[in-house]
1. Where does the chain land at 222 nm, in deg cm²/dmol rounded to the nearest 500, when only DSSP H runs of n ≥ 4 count, each adding -39500 (n - 2.57), divided by all residues?
2. Putting +1 on Lys and Arg Cβ atoms and -1 on Asp and Glu Cβ atoms, find which of His298, Pro321, Val33 reaches farthest to the positive end of the dipole of the chain.
3. Go ahead and run the numbers for FRET between Asn106 and Arg310, Cβ-Cβ distance against an R0 of 35 Å, rounding to 0.05.
4. What residues of the stretch 313-334 lie in the reach of a label at Ser301, counting those whose backbone N is under 19 Å from a point 7 Å from the Cα along Cα→Cβ?
5. If we sort 211-217, 125-131 on the protection proxy, mean other Cβ atoms within 10 Å, highest first, what's the order?
6. If you take the charge dipole of the chain about its Cα centre, with +1 on Lys and Arg Cβ and -1 on Asp and Glu Cβ, which of Val60, Ile96, Thr192 is farthest toward its positive end?
7. Can you list the residues of the stretch 233-266 with backbone N under 11 Å from a point 7 Å past the Cα of Leu218, pointing along Cα to Cβ?
8. Subtract the Cα-Cα distance of Ser262 and Glu62 from 0.36 nm times their separation in residues, and report this length gain in nm to one decimal.
Amino acid sequence: MTESRTFDSVVIGAGQAGLSSSFHLQRLDISHVVLDADESAGGAWQHRWDALTMRDVHGVAELPGSLPPARTVQRANQAIPAYFTKYEREHALPVIRPVRVDRVENDPDQQRLLTVTAGDRVWRTRTIVNATGTWSQPFIPRYPGMAQFAGEQFHTVAYPGPEHFIGKRTLVVGGGASAVQFLGALAPITDTIWVTRSEPIWRTDDFTPEAGAASVALVEQRVAAGLPPQSVVSVTGLMLREQEREAERLGAYARRRPMFASIEPDGVRWADGTFERVDAILWATGFRPAIAHLAPLHLRSRAGGIQLDRAGRGTTAVVDPRVQLVGYGPSASTIGANRAGRAAATGVRRYLAR
Ligand code: FAD
């Protein structure tokens with residue numbers, strides 16, 4: 001079924017990036033709908049583990065024209081969905097859910113238009129703002145023997161909470177903020193081993209706005225060159241917070257080892273041939289952008305990423321100015337997503353004015 005109306009824009013995804021985009025499109029009086037795959041408001045936050053409280057998150061920027069939830073012990077997977085629900089309602093944002101977009105392509109009849117298809121529903125539009133985040137694309141590297149492992153394996157997306165690991169020798173894989181946080185919760189209650197591909201970079205100084213901007217600039221350079229983006233968090237460096245001090249005292253971070261060579265049914269084999277028994281492997285190995293539905297538009301460069309304008313600081317796809325990408329690369333943080341929403345709305349207006 002094709003919607004009879006042609007929209008000026010279709011926003012795909014209603015997390016922080018999609019809601020900010022919709023807010024700014026609305027202010028510019030640009031007709032649009034927001035299509036979101038989830039059953040309810042909250043973006044990826046509604047799927048985060050129960051033990052993650054608003055005190056544990058690294059900081060959630062406010063959506064335009066509102067105040068963010070307080071840093072209390074309330075669960076993030078409740079506080080932020082409640083905040084987004086209220087925001088969508090207060091600003092009457094045109095969100096339709098659940099709608100999982102399968103593909104975006106040139107309209108067969110009018111090449112300058114795009115069609116956005118979700119099952120048997122089709123929307124016709126002049127531009128899109130893609131805000132689909134990364135949560136639906138968890139990344140787990142391949143290691144020999146991993147299919148034969150007899151213990152449990154979880155990615156961050158399925159982290160069942162710390163209590164689940166009591167009595168289980170747990171290997172935490174990954175050098176990012178999630179791994180640090182998991183070790184902080186697990187090391188005081190169970191036996192942990194930490195492995196990372198490269199030496200973690202620890203920050204001892206305060207994370208000033210200047211340091212944040214320098215980290216974002218590193219990701220911008222990659223996106224400007226059309227390379228696959230790194231996560232902003234991966235270039236900011238790691239910091240221990242109060243809730244991780246007990247794990248630090250127990251040596252959980254000091255006992256880090258380089259990656260193992262292979263996985264066996266009862267554990268892992270190190271590169272030097274020695275064996276380590278483990279009961280569970282927790283893959284805190286990150287995510288990839290959820291952009292498979294954009295494949296028909298051929299936006300990827302030869303380097304594998306999507307090149308964005310303004311030397312990677314903009315949101316417009318260089319090869320197709322009908323497409324805005326928000327929450328991608330340098331804007332994959334709540335503060336970045338907010339700013340990208342505004343830039344995307346401006347980019348849509350610029351395209352429509354052509
Ligand atoms: P999401 O919140 O993932 O929203 C994407 C939306 O798109 C979802 O609602 C989804 O249903 C929808 N969608 C996906 N695919 C489709 C499709 N094909 N069709 C239709 N809809 C689709 N950042 C911070 O700034 N502070 C933090 O403390 C912080 N903590 C983090 C903790 C973890 C564990 C992780 C993984 C990330 C964290 N981040 C944090 C980064 C964070 O993910 C981003 O800042 C921000 O929340 C992402 O917003 P988003 O709108 O880009 O994506």
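1. For the chain, the value works out to -7000 deg cm²/dmol.
2. Result: Pro321, furthest along the dipole toward the positive end.
3. Values: r = 25 Å, r/R0 = 0.71.
After rounding, the FRET efficiency stands at 0.90.
4. Under cut-off, by backbone N: 313-332.
5. My ranking of the peptides, most packed first, is 125-131, 211-217.
6. Going by the Cα projections, it comes out as Ile96.
7. Under cut-off, by backbone N: 233-238.
8. Details: separation 200, 0.36 × 200 = 72.00 nm, distance 4.35 nm.
Once the chain is fully extended between Ser262 and Glu62, it gains 67.7 nm.
The values are calculated or read from the model by the stated rules, or taken from the named source; none is laboratory data. Source: prediction; values computed, not measured. In this analysis, Cβ positions are derived from the backbone assuming ideal geometry, glycine residues included, and neighbour counts consider all displayed protein chains. Side chains are part of the model used for accessible areas, which takes the heavy atoms of the whole protein and leaves out ligands, DNA and RNA. Shrake-Rupley method; radii C 1.70, N 1.55, O 1.52, S 1.80 Å.
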